[in-house]
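A short write-up of the structure that comes next.
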Amino acid sequence: TANCTAVGSYVNSAGITLALVERWNGTSWSIETTPGPSGAKSTSLAGISCPAAANCTAVGSYVNSAGTTLVLAESWNGTSWSVQATPLPSGASSSSLAGVSCLSATDCTAVGQYTNSQENVVTLAESWNGTGWSIQATPNPTAGASSWLSGVSCPSGSACTAVGGYYGNTENDTIFLVAESWNGTSWSVQSAPHPGTSSALNGVSCTSATACTAVGNFNNTGTNVPLAERYS
C-alpha cells in the first residue's frame, strides 16, 4: 500500500509528448525522471510490472529522429530509470509495446504490435531474460488483416495469457477480440467468445494457467459497453 508506480505520458510546454512515471509512497505521488532513447522526438509508456520494490519494467513506444515509431522498454533499479535495448522484428517498419508482465528481474514478457513488410499490423511479443530482450513468434488469427496485443499476464514462467483484437478482413471490417497463451515454448491462439457486433480486450490478469480474467469493450447494437471474460 506504500509502494505503487504508474506510467503514461504528458505533453510538455513545447508540445512534445514525453513518458511519465509517478510513484506513490503511501502518502503522496511524485514524478520520477525517465530518460528517452538517443535522438527520440517523443516517448510514451503504456504498461508496467514491478516484481520487487527495486525492480520495475515499463514498456511503450518512442518516435525516432526519422519519425518512425519503435518499441521502448525501461527498467527501474530502485534508484533510477534506464532505457533497455529492444529488438525490431525483421522487416518491420514500425512497432510498439502495450503491456508487460514480470515474474522477477530476469523474467519479463511484453506484448504489442508491429507493421510488417507487407504493411500489415501483426501481433508482437518479446521476452526479457535479465540480460536482453528477444522476439517470440506469435500467431495471428487466420482471417485477421490487422492484429494486436494490448495486455499480458504471466503467473509462471511456462504460462502467459495475452489479449487484444483483430480486424475480420480489412481495417474497415468488424473488430474481434483475440486471446493467446504461452506454454513455456510457444504461443497459440485461444478460442474466445465474441459478443455484439465488434469486441476487443485491453487487459488481463491471471492467478494461474487455468484462471484468467480479461476486460475490454464490445458494441451492443450501436453502443460501446464494458466486457469481461473469464478463462477456466
remark   = With a ≥ b ≥ c from the Cα gyration tensor eigenvalues, square-rooted, and the rule rounded for a/c under 1.5, otherwise prolate when a/b > b/c and oblate otherwise, region 187-232 is prolate
key: the chain - percent of accessible surface contributed by carbon and sulfur, probe 1.4 Å   = 49
ask   = Taking the chain as a Gaussian network, Cα atoms linked when under 10 Å apart, which of Leu149, Leu18, Leu201 shows the biggest mean-square fluctuation?
value = Leu18
task = Please list, in chain and number order, the residues 5+ apart from Gly157 or on another chain whose amide H is under 5 Å from its amide H, with Hs placed from the backbone.
result = none
ask   = Rule-of-thumb check for the chain: C-alpha Rg over 2.2 N^0.38 Å?
value = 1.00
query = Ignoring ligands, DNA and RNA, what accessible area per residue does the chain give at 1.4 Å, in Å²?
reply = 47
task = Could you tell me which Cys residues in the chain have no other cysteine's Cβ under 4.7 Å from their own Cβ, answering none if every one has a partner?
result = Cys4
Nonlocal amide H pairs with Gly151, under 5 Å, H built at 1.01 Å = Val163
key: ³J(HN,Hα) computed for each position of region 123-136 - Karplus, 6.51 cos²θ - 1.76 cosθ + 1.60, integer Hz, glycine/proline x   = 5, 9, 9, 10, 10, 10, 10, x, 10, x, 8, 9, 7, 9
ask   = Using the C-alpha atoms of region 63-102, what convex hull volume per residue, in cubic angstrom, is computed?
value = 92
query = Once you put a point 7 Å from the Cα of Ser90 and another 7 Å from the Cα of Thr174, both along the Cβ direction, what distance in nm separates them?
reply = 3.6
key: About the Cα centre, charge dipole magnitude for the chain (Lys/Arg +1, Asp/Glu -1 at Cβ), debye   = 200
ask   = By how many nm would the segment from Ala137 to Glu22 grow when fully extended, if each residue of separation counts as 0.36 nm and the alpha-carbon distance is taken off?
value = 38.1 nm
key: Where labels lie 7 Å past Cα in the beta-carbon direction, separation of Ser80 and Ser30 in nm   = 1.6
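What shape does region 1-126 take by its C-alpha gyration tensor, where a ≥ b ≥ c are the square roots of the eigenvalues and a/c under 1.5 counts as rounded, a/b above b/c as prolate, and the rest as oblate?
oblate
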request  = Would you look at the GNM of the chain, springs on alpha carbons closer than 10 Å, and say which of Cys206, Cys154, Cys102 moves the most?
outcome  = Cys206
key: Diffusion coefficient, µm² s⁻¹, Stokes-Einstein with Kirkwood Rh over alpha-carbon pairs of region 119-232 at 20 °C and 1.002 mPa s   = 148
task = Have a look at Thr33, Thr68, Ala58 and report the one farthest towards the positive end of the charge dipole of the chain, computed about the Cα centre with Cβ charges (Lys/Arg +1, Asp/Glu -1).
result = Thr33
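The values are calculated or read from the model by the stated rules, or taken from the named source; none is laboratory data. Because the structure is a prediction, the values reported are computed rather than measured. Cβ atoms come from the backbone with ideal geometry, glycine included; neighbour counts cover every protein chain shown. These accessible areas exclude ligands, DNA and RNA; they are computed on the full protein's heavy atoms, side chains included. Shrake-Rupley method; radii C 1.70, N 1.55, O 1.52, S 1.80 Å.
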